[in-house]
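The values are calculated or read from the model by the stated rules, or taken from the named source; none is laboratory data. Worth saying up front: this structure is predicted, and the values here are computed from it rather than measured. We place every Cβ from the backbone using ideal geometry, glycine too, and count neighbours over all the protein chains shown. With ligands, DNA and RNA removed, areas are computed over all heavy atoms of the protein, side chains included. Shrake-Rupley method; radii C 1.70, N 1.55, O 1.52, S 1.80 Å.
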Amino acid sequence: MDTSPQDATMRAQELQRSWYGEPLGDLFRRLIGDLGLNQSRLAGVLGLSAPMLSQLMSGQRAKIGNPAVAQRLQALQELAGQVADGSLTAVQAAARMAEIRQSEGSSLLATGHSTSSGERLPPARRVVREIQSLLRSVASAEEITQAADSLAPDHPQLAEFLRVYGAGRTDDAVSHFEAHQD
C-alpha cells in the first residue's frame with residue numbers, strides 16, 4: 001500500500017514529536033526566532049547542510065542521524081532558554097553559538113561549561129541533555145517506555161532511569177539526576 005507524500009510527512013512529524021518533543025520544523029523556527037538566526041546560519045551551527053535542515057523542517061526526513069548534531073541541537077535549545085530568561089546577552093549567545101558550532105559532541109563526564117564570561121554553569125542540565133540525546137538517538141520515547149516496562153519487574157531502577165531520561169521531561173530528569181548525586 002502506497003502512502004501519499006502528505007501521509008509520509010505527517011508520520012515523520014509524529015516521529016519527530018516522539019523523539020524531540022515536537023516537530024523539528026516548529027523547533028527550528030523557534031530557535032531561528034529566539035536566537036536571531038536564518039535557516040542557513042542555523043544549519044551551519046548545527047553542522048547540517050541547508051538541504052538537510054530543510055528536509056527535517058518539512059518532514060521529508062524524520063530523524064537527525066548524527067549524535068553530534070543532536071547534541072548541538074540540545075545545546076542550542078538550552079542557549080535559547082538562557083537568552084529568554086536574560087541570563088545571557090545576545091553577544092554572549094553569539095559567542096556561545098560559535099563554540100557550539102565547533103563542538104564535536106561532548107563527554108558525559110564534563111564537569112561544567114564555561115560561558116564566554118568565564119562563569120561555570122552547573123553540569124546537571126548539560127549531562128541530562130546529553131543522556132537524553134543519546135537515548136533518543138537510538139529509540140523513540142515510546143520504544144524506551146516499552147523497554148522500561150519490560151525491565152521493571154526485574155530491574156526497577158533501570159526502568160525508572162529509562163522512563164525519566166528517555167521519555168520524560170528535562171526538568172524531571174535534572175531533579176532525578178541531582179537527587180542521585182553524592
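Explain nothing, just the number: relative contact order of the chain, from Cα pairs under 8 Å at least 6 residues apart, as a whole percent.
19 percent
How big is the gap, in Å, between the Cα center of region 145-182 and the Cα center of region 1-63?
Value for the Cα centre distance between the two parts: 27 Å.
May I ask which residue of 10, 57, 151 lies farthest towards the positive end of the charge dipole of the chain, with charges of +1 (Lys, Arg) and -1 (Asp, Glu) on Cβ and the Cα centre as origin?
The Cα lying farthest towards the positive end belongs to 57.
Taking the full set of protein chains and a 1.4 angstrom probe, give the accessible area of residue 22 in square angstrom, rounded to the nearest 10.
Accessible surface of residue 22 is approximately 40 Å².
In Å, what is the Rg of the alpha-carbon atoms in region 1-80, and how long is Dmax?
When restricted to Cα atoms, region 1-80 yields Rg and Dmax of 12.5, 43 Å.
Would you mind working out the magnitude of the charge dipole of region 120-182 relative to its Cα centre, with +1 at each Lys and Arg C-beta and -1 at each Asp and Glu C-beta, to the nearest 20 Debye?
That gives a dipole near 380 debye.
Just checking my list [x] 57, 38, 29; [y] 51, 48, 26; [z] 70, 37, 25 against Cα extents along the principal axes in Å computed from this structure; which label fits?
Of the listed options [x] 57, 38, 29; [y] 51, 48, 26; [z] 70, 37, 25, [y] comes from this structure.
What number in nm² do you get for region 135-181 if you take the convex hull of its Cα atoms and divide its surface by four?
3.2 nm²
Just the number, please: carbon plus sulfur as a percent of the accessible area of the chain, 1.4 Å probe, no ligands or DNA/RNA counted.
52 percent
Given only helices, namely DSSP H runs of n ≥ 4 each adding -39500 (n - 2.57), what is the per-residue ellipticity at 222 nm of the chain, to the nearest 500 deg cm²/dmol?
-20000 deg cm²/dmol
Just to be sure I understand: with springs between alpha-carbon atoms less than 10 Å apart, which residue in 141, 124, 70 has the highest mean-square fluctuation in the Gaussian network model of the chain?
124
If amide H atoms are built 1.01 Å from N in the plane of the peptide, which residues on other chains or at least 5 residues away come under 5 Å of the amide H of residue 168?
Here the answer is none, since no amide H 5 or more places off falls under 5 Å of that of residue 168.
Quick check: residue separation of residue 124 and residue 39 times 0.36 nm, minus the Cα distance between them. What number comes out in nm?
Stretched out fully, the residue 124 to residue 39 stretch lengthens by 27.6 nm.
Anyone know which of 92, 16, 74 comes out most mobile in the 10 Å Cα GNM of the chain?
92
Using Cα springs under 10 Å in a Gaussian network model of the chain, which residue among 172, 149, 85 shows the largest mean-square fluctuation?
85
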